[in-house]
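Please read the structure below before turning to the comments.
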Amino acid sequence: MLRTFPFSIAGFLLLSGCARDPQTVHAAVKPIEKRQVAPEFALKDADGKIVKLSDYKGKVVLLNFWATWCGPCKIEIPWFKEFETTYKNKNFAVLGVAMDDEGWDIVKPYIEQQKINYRTLLGTEPVGALYGGVDSLPTSFLIDREGRIAAIHIGLVSKSVYVEDIKNLLEDGKK
């Protein structure tokens, strides 16, 4: 059964509203030499098109595992819509990976209702396993322009943490 539990790390109160097991929350961008390559995947978007992570090489990607029933996910979605609009012309993209068991029958109407402006994919357990077994929702990975995982956010973190991380990764590409 999924449960809600709070985390406190580095002065932030972080809430994971949809978790099977408590996990460590990582909220800082890792140095380049400590980043691991993000696992490749191929998932379908709402139009039935196959999307691969490698399609986004050269961009900073916020890869967000979420579900329509997840309370903290609902808080983040407006932020992610804003990030997509604000940073898309700076080689940034949000990819949402919906982990709803009901599939597109529930996810497509939710996308339309929430006016989600970023690409949404339907996740699978094997893809979740590639990313360490996504046991908490939301779980987000910030991926640098070279396809490496730069930061992991498990649970709800503050919007300002995302903004700082995104700006740092966008700046990395200019150096």
Exercise. Mind listing the phi-derived Karplus ³J(HN,Hα) values for the stretch 117-125, rounded to whole Hz, using 6.51, -1.76 and 1.60 with θ = phi - 60°, and x for any glycine or proline?
Worked result: 9, 10, 5, 10, 10, 9, x, 9, 4
Exercise. Using the Karplus equation 6.51 cos²θ - 1.76 cosθ + 1.60 (θ = phi - 60°), what ³J(HN,Hα) coupling, rounded to whole Hz, does each residue of the stretch 69-81 give in order, writing x for Gly and Pro?
Worked result: 8, 8, x, x, 4, 5, 6, 6, 3, x, 5, 5, 4
Problem set entry | Residue pairs, from the table K49/K167; K30/K108; K34/K108; K59/K159, whose Cα atoms sit over 28 Å apart | K49/K167; K30/K108; K34/K108
Exercise. Rounded if a/c is under 1.5, else prolate if a/b beats b/c, else oblate: with a ≥ b ≥ c from the C-alpha gyration tensor eigenvalues square-rooted, which is the stretch 18-175?
Worked result: rounded
Problem set entry | Whole-Hz ³J(HN,Hα) from phi, Karplus 6.51 cos²θ - 1.76 cosθ + 1.60, for the stretch 37-46, glycine and proline x | 5, 6, x, 6, 8, 9, 10, 8, 8, 5
Exercise. If you take the beta carbon distance between A28 and D105 as r and set R0 to 45 Å, what does 1/(1 + (r/R0)^6) give as a FRET efficiency, to the nearest 0.05?
Worked result: 0.75
For this session: Taking amide H positions as placed in the peptide plane 1.01 Å from N, state which residues far from R148 in sequence (5 or more) or on other chains have amide H under 5 Å from it.
Result: A38
For this session: Grab the other residues whose beta carbon is less than 12 angstrom from that of K88, score K and R as +1, D and E as -1, and report the net.
Result: +2
For this session: Return, for the Cα atoms of the stretch 68-148, the radius of gyration and Dmax in Å, separated by a comma.
Result: 12.9, 34
For this session: Return the long-range amide H neighbours of A46 (sequence gap of 5 or more, or a different chain), with a cut-off of under 5 Å between placed amide H atoms.
Result: T120
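Readers should treat all values here as calculations from the given coordinates under stated rules, not as data from a laboratory. If you're wondering where the values come from, they're calculated on a predicted model, not measured in any experiment. Methodologically, a virtual Cβ is constructed for each residue, glycine included, from the backbone with ideal geometry; neighbour enumeration extends over all protein chains shown.
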